[in-house]
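Beneath this line is the structure, given in C-alpha cells, with notes to follow.
Since every read-out is calculated from the coordinates, none of them should be taken as a lab result. As the structure is a prediction and not an experimental result, all values here were calculated from the model. As a convention, Cβ positions derive from the backbone with ideal geometry for all residues, glycine included, and neighbour counts pool all protein chains shown.
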Amino acid sequence: MDKDLFVQNVRFLCFRKGIKPTNACKEAGVGGSFLSDIKRGQTPSVTKVQMLADYLGVTTSLLLGETKKPTVLDGGLTEAEQALMDQFRQLTPEQQDMVIRMVQAAADKQ
C-alpha cells in the first residue's frame, strides 16, 4: 500500500466534501489520529479503510490508489483541476497541508 497516496486521496476527498480530514476520520469511526498514524508508518486495518471509504462514499480501491487517479469522482475533473492535482501530488505532505489550509481559508472568505 502506498501510504502517501492513501493520505493524499483521503485529503482530496475531504477537501471536495468541505470537511477536515481529522473530522472525517472521527465521524467515520476510525479515530482522529488515523491519518497521522498512517503517515508515521502504521498500516491501517481493512475494516478501518472500509469504514472511511463508506463515510466518504467511495470504494476502498479508490482510497488505496488502486485506481490510477481519483478523477472519476462526481463526473471527473476538468483539465485545470487535473493539472492542479498533478502539481499537488508532487508536494510534500506538509506542503499539501499548507495548500489545503490556504484553499479552505479562501473558501471561508466567500
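With a simple spin-label model that places each label point 7 Å from the Cα along the Cα-to-Cβ direction, the separation between Q90 and A107 comes to 2.4 nm. Working from Cα pairs under 8 Å separated by at least six residues, relative contact order for region 3-108 is 26 percent. Provide, for q = 0.15, 0.23, 0.25, 0.27 Å⁻¹, the log10 of I(q)/I(0) from a solvent-free Debye sum over equal Cα point scatterers in region 1-64. Those come out to -0.35, -0.91, -1.11, -1.35, one per q. Using every Cα-Cα pair within the chain, state what percent have a distance larger than 25 Å. I get 15 percent for the Cα pairs in the chain exceeding 25 Å.
Can you show me the helix-derived [θ] at 222 nm for the chain, built from DSSP H runs with n ≥ 4 at -39,500 (n - 2.57) apiece and divided by the number of residues, rounded to the nearest 500. Walk me through the intermediate numbers first.
Working: 7 runs with 71 residues, N = 110.
That calculation yields -19000 deg cm²/dmol at 222 nm.
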